Each structure stands twice: as C-alpha cells, then as structure tokens.
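Here's the structure we're looking at; comments come further down.
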Amino acid sequence: MLALRSRSRSAHRGLARPCPPNLAGCLSKVEGCLSKVAGCPPGSGDRGMVTAEFAVVLPAVVLVLALSLGALGLALDQIRCVDAARAGARAASRGDSRGAVILVTRRAAPSEALVSIDTSGDFVRVSVVSEPRVAGSLLPAWLRASSTATAAREPSDVQQ
C-alpha cells in the first residue's frame, strides 16, 4: 500500500510513470526484429518520411501554382483586350486613320496581341486577340483573351 501511494504521488508531481517491464521488453524486441528485417538500425523506421511526402507533393503544388498564375494572367489580359478594343473603336468612330486606330489599340492591348479592324456601312468593329503569356503551354490552345467592340461612325463636321 505504501508503494502505491508513493508511485501515485510521483505521478501527480508531473513525473512519468515507468513502463511495465514486460511491455518495455516486448516493444524493444519487436523494434529490434523490424530493424533487422528492414536492414536499418533500431529507431530509424520513420526517418525521411516527411522528406519523401514533401517530394511527392511538391510537383502537384507547383503545377497548381502555375495554373493559378496562368489563369490570373489570362484574366488580366482579357481586361486589357476589352479596354484596347473599346479605345480602338472609339478612335475609329471619330474618323482617325487606320494607322492611328491600330496604334491606339496596340498601346492598350497586351504585348503581341493581334488587332483587326473591319468597317461595314456606318459601323466600325475592332477586334483584339491575345494568346496566354503566363504558363501558356499548360493552358489549352483554345483558351485565349479576346474582345470585339463596335461603334457607329460619327458624322464628319466639314466647315467651310
């Protein structure tokens, strides 16, 4: 009874309880057997496990990051294409020359964007198409930023 009280008092003081001798011996024997089978020293069964998991997950994380950056870049290019097409249509509707319309449109468009101008009757249509620049090889070929703006030509004021 005295031995039990002293053992419980030490447990209350924050000291760890000793493992029963038969269980401790059993665990060491199992660990020793496993290390002999695996050919590694005792206690090294989990060594390197986090590194291996990280090496497997890292390419997936990089791929998701690249696709996310590609989608964000494509969204920004889409906004720039819309702005460029509107600016070009506005310039063409004012009666600016074809070269001036292309210059205005290319300034607002993403780099290497294709600009086309089409006139039909009293309307002018400006189209801007841009291929993905960021992670373009990872995105499908049909996915691209594009916009078309149409504007009515303003009547020319000829004053004499």
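The values are calculated or read from the model by the stated rules, or taken from the named source; none is laboratory data. Owing to the predicted nature of the structure, the values given are computational and were not obtained by experimental measurement. Here the Cβ positions follow ideal geometry from the backbone for every residue, glycine too, while neighbour counts run over all protein chains shown.
Pairing residues of the range 137-148 that are over 14 Å from CYS81 (Cα atoms) with residues that are surrounded by fewer than 13 Cβ atoms within 10 Å (Cβ to Cβ) and modelled with pLDDT of 85 or more, at Cβ distances under 8 Å and at least 6 apart in sequence or on separate chains, gives LEU138/LEU63.
Consider ARG107 carefully, then state whether it is more than 24 Å from ARG133 (Cβ to Cβ), surrounded by fewer than 18 Cβ atoms within 10 Å (Cβ to Cβ) and among the basic types (Lys, Arg).
On the way: more than 24 Å from ARG133 (Cβ to Cβ): no; surrounded by fewer than 18 Cβ atoms within 10 Å (Cβ to Cβ): yes; among the basic types (Lys, Arg): yes.
Spelling it out, it is not the case that ARG107 is more than 24 Å from ARG133 (Cβ to Cβ), surrounded by fewer than 18 Cβ atoms within 10 Å (Cβ to Cβ) and among the basic types (Lys, Arg).
Return the residue satisfying two criteria in turn: it lies in the range 41-80 and is polar (S, T, N, Q) and within 30 Å of VAL126 (Cα to Cα), and of such residues it is modelled with the lowest pLDDT.
Here is the first cut: in the range 41-80, the residues polar (S, T, N, Q) are 44, 51, 68, 78.
Those left that are additionally within 30 Å of VAL126 (Cα to Cα): 68, 78.
Working: SER68: 88, GLN78: 95.
My answer is SER68.
Restrict the check to the range 113-129 and report whether at least one residue is charged (D, E, K, R), out of contact with any helix residue (DSSP H, G or I) (no Cβ under 9 Å at 6 or more places or on another chain) and part of a loop (DSSP other than H, G, I, E, B).
Of the range 113-129, the ones charged (D, E, K, R) are 118, 122, 125.
Remaining after also requiring out of contact with any helix residue (DSSP H, G or I) (no Cβ under 9 Å at 6 or more places or on another chain): 118, 122.
This time we only want the ones that are part of a loop (DSSP other than H, G, I, E, B), so: 122.
Within the range 113-129 (the criterion being charged (D, E, K, R), out of contact with any helix residue (DSSP H, G or I) (no Cβ under 9 Å at 6 or more places or on another chain) and part of a loop (DSSP other than H, G, I, E, B)), the answer is yes, since at least one residue qualifies.
If the condition is being in contact (Cβ under 8 Å) with a residue 60 or more places away in the chain and in contact with a strand residue (DSSP E or B) (Cβ under 8 Å, 6 or more places away or on another chain), then the range 98-136 contributes only PRO132.
Tally time: how many residues in the range 77-94 are in contact (Cβ under 8 Å) with a residue 24 or more places away in the chain and either surrounded by fewer than 21 Cβ atoms within 10 Å (Cβ to Cβ) or among the charged types (D, E, K, R) (or both)? Give the steps one after another, and end with the answer.
Of the range 77-94, the ones in contact (Cβ under 8 Å) with a residue 24 or more places away in the chain are 77-78, 80-86, 88-90, 92-94.
Then keep just the ones that are either surrounded by fewer than 21 Cβ atoms within 10 Å (Cβ to Cβ) or among the charged types (D, E, K, R) (or both); that gives 77-78, 80, 82-83, 86, 90, 93-94.
Residues meeting the conditions: 9.
What number of residues within the range 87-118 are of a type in the set (D, E, K, R) and farther than 30 Å from SER137 by Cβ? Don't jump to the end; show me each part of the working.
First, the residues of the range 87-118 that are of a type in the set (D, E, K, R): 90, 94, 96, 98, 106-107, 112, 118.
Narrowing further to those that are farther than 30 Å from SER137 by Cβ: 90, 94, 96, 98, 118.
Of the residues in the range 87-118, 5 are of a type in the set (D, E, K, R) and farther than 30 Å from SER137 by Cβ.
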